[in-house]
Amino acid sequence: MNTDIALLNATLLTMVRLGFLILRSPLKALRAMPITARFILLLMLAYWLCITLHLSVNTQSPNDFGLMIVIEGLNGIILNSFLTFALGAIQTSGQFIDTQMGLNALSFFNPQALTHDSFTSTLFTLLAGLLFFQSGGVGLMLTGFLNQLQHLSLGTLFPITELTTVIHFFGETLTIAIALACPIVLLMLLLDITQAILMRSMPHVNAYFMALPLKLLAGFMIFIPLLSHITRPITTLLQLAIKHY
């Protein structure tokens, strides 16, 4: 009886740790699943991890178990922040490209989040989700869960000494996101400089409205060849996020 209760406690704590990543997943493919299906998936995954690793938690009082739930909730928020920040950086990179190209008017309504997403950011987000599953992200994440539960036991707070790793990860994420947007942003900057020179030398010519279609055309001309090269940095960004599990 005590063994069953200890296994149940471990399963509940594991569900709390992984709940933010499964129930509030930043992946659109997972978030599109019904909440009931996600909860069942979370329960099955937590139970499988506890059985595989022979996890059990014995508590002396309800207060101790409540404190462990709070600690695991904090661990879940920290772990979920890695993938959330990585996908958020990819989406921000796409929004920055749209701002420079003048594509902000071309947005898509997201009925789940009740927001309007720009064209390039939506494309980058969908591509990131596809690459996540195509590059074996699910298997890497399961391996990360197993290693994480072995090294960070249930009821133990994420170590403060690892915060430097988190900060380093955020820096790498921003670097890759900026690299994604750099080619198009630099081209748009050159076009803006050319537009400023034309407006200065020929004030009677409305160079602003002339430059708008040119920026769109030039942006698409460089964006289409770049599509075959952006998969590597996006995959690297996702693998960096999964590595911290």
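The values are calculated or read from the model by the stated rules, or taken from the named source; none is laboratory data. Only a predicted model underlies this, so the values are computations on that prediction, with no experimental measurement involved. Neighbour counts are summed over all protein chains in view; Cβ atoms, including those assigned to glycine, are modelled from backbone coordinates with ideal geometry.
Taking the criterion of being within 30 Å of I71 (Cβ to Cβ), surrounded by 12 or more Cβ atoms within 10 Å (Cβ to Cβ) and either without any contact (Cβ under 8 Å) to a residue 12 or more places away in the chain or in contact with a Leu (Cβ under 8 Å, 6 or more places away or on another chain) (or both), would at least one residue in region 222-238 satisfy it?
Yes: region 222-238 contains one or more residues that are within 30 Å of I71 (Cβ to Cβ), surrounded by 12 or more Cβ atoms within 10 Å (Cβ to Cβ) and either without any contact (Cβ under 8 Å) to a residue 12 or more places away in the chain or in contact with a Leu (Cβ under 8 Å, 6 or more places away or on another chain) (or both).
Need pairs with beta-carbon distance below 9 Å; first residue on the phi < 0 side of the Ramachandran plot and among the basic types (K, R) and within region 192-221, second surrounded by 10 or more Cβ atoms within 10 Å (Cβ to Cβ) and in a helix (DSSP H, G or I); sequence gap 6+ or separate chains.
K215/Q100; K215/M101; K215/L187; K215/M188; K215/L191; K215/D192; K215/Q195
Within the set of pairs 6 or more residues apart or between chains, which connect a residue that is more than 13 Å from S153 (Cβ to Cβ) inside region 47-66 to a residue that is in a helix (DSSP H, G or I) and not acidic (D, E) with Cβ atoms less than 6 Å apart?
Listed by first residue and then by second, the contacts come to Y47/T11; T59/F65.
For a quick check of your reading: which helices (runs of 4 or more DSSP H) sit entirely within region 1-102 and have at least 1 residues that are modelled with pLDDT of 85 or more, more than 30 Å from L212 (Cβ to Cβ) and not small (G, A, S)?
Hits in region 1-102: 2-23, 35-53, 62-101.
Collect the residues in region 157-181 that are out of contact with any helix residue (DSSP H, G or I) (no Cβ under 7 Å at 6 or more places or on another chain) and either assigned to a helix (DSSP H, G or I) or at pLDDT 80 or above (or both), keeping them in residue-number order.
I160, T161, E162, L163, T164, T165, V166, I167, H168, G171, T175, I178
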